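Shown next, in C-alpha cells, is the structure this report addresses.
The values are calculated or read from the model by the stated rules, or taken from the named source; none is laboratory data. Keep in mind the model is a prediction, meaning the values are calculated, not measured. Positions of Cβ are generated from backbone atoms using ideal geometry, with glycine treated the same way; all protein chains shown enter the neighbour counts.
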Amino acid sequence: MGGVVALASPDPNLERAAELYQRTAYREALRLLEAAPAKTAPTYELMGKCYYRLEEFNKATDALEKAVAADPQNANSWDWLGKAYGRRAETSSFFTAPRYAVKAREHFERALALDPQNQEALSDLFDYYLEAPGFLGGGLDKAAHLSERIRDRDPSRYHAMKARLAEKRKEFPRAEQFWRQAVQLAPSQAGRLADLAKFLARRGRFSESEEAFDGAARLAPDNAELKFERARTYVASKRNLDLARRLLEEYLKATLTPDDPPRAEAERLLKSIARSG
C-alpha cells in the first residue's frame, strides 16, 4: 500500500513531505504539511496517510474527509478514507464499530466506482467483503464476484484471492491447490511463496512451511517484509521464537517504506515474544 501522492501542481514543500513519507518519516512530513498556509486536496491526502501510518486514525479520517471534499473525484483519497474508517472500526467500541465499518465499505465502493482499474481499492473492498459479516455488507459471494475482475489481468493474484475464499469456506484442499497455482503463475515473486508458507503453517504442516519460506528467502534474501512475515508466522504458532526475535530485530534495522508492515507491529510482536519467554 501507499506511494508518493500525485501532485496537482509543483509544490516544493509537498514534494519534500512526500519524500519524507516514502522514508516513513511521518512526523517530519506532517510538520511540513501542517505548516502549509493554504492546504490543497493532495496536502490533506498526504496528511491523512501520515496519520494513518502513525495509527492516529481519528486524525486520519479528519484529514481525508477534507481531501475528498476538496477533490471528490479522486479515487485514491476515497480508498484511503475507507482504510482509515476500517481501522477505526477495528479499534473502536462495540457500539461505534459497525458505523465505521459501513463507512469503510461505502468509501471503498465509491473509490472503485470512480476508478474501476484501481487495484488497491479493489483489494481493500475484496478484503472487506471477505471478512465483514453480511449485516455490514460483507459476503463471500460478493468477494468471489469482485475477484473475477482480475482473472485475466493478474492470474496469480486471482488464484491467491480464490485461495483465501476457499480457506474462508474451510475448503482446505482447494485452498492449497489455489495457493500452489498462484506460486506457479508468478514463480519469481517471493511473496507468493510466503503466502503458501503461511497457509501451510496455519494447517500445522511446519516442515513444508519452512521449505516454502526458504524458497522465498532464496528469491529475495534481503526482503524486509519477508522477514517480518516469517517472524509473525513463528509467533502465531509459538515456535522458533529465538529466530523470530532475530528476524524482527533485523526488520527494525532495515530501510522500510510505507508498503512494509509498520514498525509498531514489529515492536508489538517483539513484546509478545518477551512475555512468552
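A few remarks follow.
- Some residue of region 42-50 being assigned to a helix (DSSP H, G or I), in contact with a helix residue (DSSP H, G or I) (Cβ under 9 Å, 6 or more places away or on another chain), among the β-branched types (Val, Ile, Thr) and surrounded by fewer than 21 Cβ atoms within 10 Å (Cβ to Cβ): no
- Region 214-233: number of residues that are more than 20 Å from the chain's Cα centre (by Cα) and part of a helix (DSSP H, G or I): 5
- Taking region 52-73 as the range and being surrounded by fewer than 22 Cβ atoms within 10 Å (Cβ to Cβ) and not aliphatic (A, V, I, L, M) as the test, the residues that pass are 53, 55, 56, 58, 59, 62, 65, 66, 71, 72, 73.
Yes/no matrix, rows are residues, columns are (1) of a type in the set (A, V, I, L, M); (2) over 19 Å from residue 188 (Cα atoms):
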position: 209; (1), (2): no, no
position: 217; (1), (2): yes, no
position: 240; (1), (2): no, yes
position: 250; (1), (2): no, yes
position: 255; (1), (2): no, yes
position: 263; (1), (2): no, yes
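- Residue in region 92-141 that is nearest to residue 52 (Cα to Cα), counting only those that are under 20 Å from the mean Cα position of the chain (by Cα), of a type in the set (Gly, Ala, Ser) and assigned to a helix (DSSP H, G or I): 104
- Single unsatisfied condition, residue 202 versus (1) of a type in the set (D, E, K, R); (2) crowded, with 17+ Cβ neighbours inside 10 Å; (3) within 26 Å of residue 264 (Cα to Cα): (2)
- Scan of region 70-95 for residues that are in contact (Cβ under 8 Å) with a residue 24 or more places away in the chain and either of a type in the set (Ser, Thr, Tyr) or more than 23 Å from residue 132 (Cα to Cα) (or both), ordered by number: 70, 71, 73, 74, 77, 85, 91
- Long-range neighbours under 7 Å by Cβ, at least six apart or interchain, first residue of a type in the set (Ser, Thr, Tyr) within region 188-199, second modelled with pLDDT of 95 or more and not in a loop (DSSP other than H, G, I, E, B): 188/219
- For region 92-108, the tally of residues that are charged (D, E, K, R) and either crowded, with 17+ Cβ neighbours inside 10 Å or in contact with a strand residue (DSSP E or B) (Cβ under 9 Å, 6 or more places away or on another chain) (or both) stands at 2.
- For region 18-29, the set of residues classified as free of Cβ contacts under 8 Å to residues at least 60 places away in the same chain and either part of a helix (DSSP H, G or I) or closer than 18 Å to residue 85 by Cβ (or both) consists of 18, 19, 20, 26, 27, 28, 29, listed by residue number.
- Only one of the listed residues (32, 64) is part of a helix (DSSP H, G or I) and out of contact with any Gly (no Cβ under 7 Å at 6 or more places or on another chain). That residue is 32.
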